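Just so you know, all these numbers are worked out from the coordinates, no wet-lab data involved. Note that the coordinates shown come from a computational prediction; the quantities given were computed from them, not determined experimentally. No Cβ is skipped: glycine too gets one built from the backbone with ideal geometry, and neighbour counts run over all protein chains shown.
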Amino acid sequence: MRIVLLGGAGYLGSVAAQHLAQLGHHVTVVDGLIYLRDDDPHRLLPAGCIFAPADLRDPDALRRASQGADAVVHLGGLVGEPACAVDEPLAVELNYASPILAHEAATRAGVPHYVFFSSCSVYGSREGTVTEDTLANPLGIYARTKVLAERRLAAMTTADQHLTVLRLATVHGRSPRQRLDSVVNRMTAHALSTGRIPLNGGAQRRPLVHVGDVALVLARVLTTGKGQRTFNVGSDRENYTIADIATTVEQVVPGARIDRGPERDEADARDYRTSFARLADAFPDLVPATLEHGVREVAEAVATGQLGEPDLPEYDNYRGLIASRDTGRISVLGSPECKRLHDEYATTTWSTL
Ligand SMILES: NC(=O)c1ccc[n+]([C@@H]2O[C@H](COP(=O)([O-])OP(=O)(O)OC[C@H]3O[C@@H](n4cnc5c(N)ncnc54)[C@H](O)[C@@H]3O)[C@@H](O)[C@H]2O)c1
């Protein structure tokens, strides 16, 4: 298959590109490398993979990238609430306008299958167990941009197209383009550097998934496109609390100790247990990696110096975004297309969904 990964030089995309190339697919990565890093994209990506630098808000670039593709996968965007809160109009352009412009380009180019990377963050805080049919409850800008993009993409998709939405659990593990700012990787790197695992409260439930398993799932859905589908991506047995994660890190990292503090008011309020039954039914042979596996990978990478200084902004999208914005590397585009979609986003209310 000819597969286009939009935002494919990121944490997930660089792992997915490797896996898809190994399976013999023809992979093109389109990425603007929006974070200030000195990564050579060719070093992050597999041999034979085409790299096309572009802004994912540029309709012409999206159209060029879509020509002749069997599938377009959107995994660009701003990840997480802290990064999205830096500049909401920018978050809306990257997380709402860009996926819609990419879908429009893919449709014009006759691409049969579009895959959108969303997040289990759309569930916010819920009692009981959430499934793909649970009403979304976005608690911030990141989750809201994802929910509204999902809905808009579904409405745009015609009967002769496939749309797959992947709502990912929080991802952990090693990637050529490492991130250390999500909960498991951050706790592990911090434990290695300081011997401490700060834990404030920690009762919030959080589903987890290993970065390699996201690539495996993507490969499977790409070869089984079928109408419109949404999957929570993770596994039932990988539902944890933040305190469970801290305990696992404590067990894996020699000498590290949990440092308990009071629950903080500004703590991330996401709290949900997630069902991954739909994914398990569709792909029963997939065996998920454990939390411990991801912790060991990251711990080894930090301990052996593969990542240099783990506290560098390049491992943290929030700090990386601020650095990129301050140096003019990324900013609100305000193009007519972005403006149209920003206005649409701003006027969408829950009652019109
Ligand atoms: N990592 C997680 O824990 C997680 C969890 C749930 C969902 N997701 C979703 O998965 C997707 C990928 O996440 P990730 O962790 O790989 O993020 P990442 O930040 O590592 O990668 C995103 C990539 O997109 C590129 N990009 C973003 N906007 C762009 C633009 N306008 N033009 C050109 N390039 C642009 C960036 O340069 C970067 O390489 C995102 O949609 C994210 O919301 C990730």
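Here K339 and D70 are evaluated by their C-beta separation; at R0 = 30 Å the FRET efficiency comes out at 0.40. For the pair segment 125-179 and segment 334-349, the centres of their Cα atoms are 20 angstrom apart.
Among T248, I258, L216, flag the residue with its Cα farthest along the positive direction of the charge dipole of segment 216-259, charges on Cβ as +1 for Lys/Arg and -1 for Asp/Glu. Positive-end residue among those listed: L216. Farthest towards the positive end of the charge dipole of the chain, among the residues P336, A97, Q22, is the Cα of Q22, using unit charges on the Cβ of Lys, Arg, Asp and Glu. Against the main long axis of the alpha-carbon atoms of the chain, helix 183-194 sits at an angle near 40°.
Under a Cβ-Cβ cut-off of 11 Å, what is the net charge of the residues other than E127 that fall near it, where Lys and Arg count +1 and Asp and Glu count -1? Overall, the nearby charge balance is +2.
Both radii come from the Cα set of segment 124-279: Rg as radius of gyration, Rh as Kirkwood radius; their ratio Rg/Rh reads 1.01.
Taking every Cα-Cα distance in the chain and sorting them into 20 Å bins starting at zero, the pair-distance distribution P(r) comes out as 31, 62, 7 percent. The helix-only estimate of mean residue ellipticity at 222 nm for the chain, built from DSSP H runs of length n ≥ 4 each weighted as -39500 (n - 2.57), is -11500 deg cm²/dmol after division by the residue total. Computed about the Cα centre, the dipole magnitude for the chain is approximately 480 debye when only Lys and Arg (+1) and Asp and Glu (-1) carry charge, each at its Cβ.
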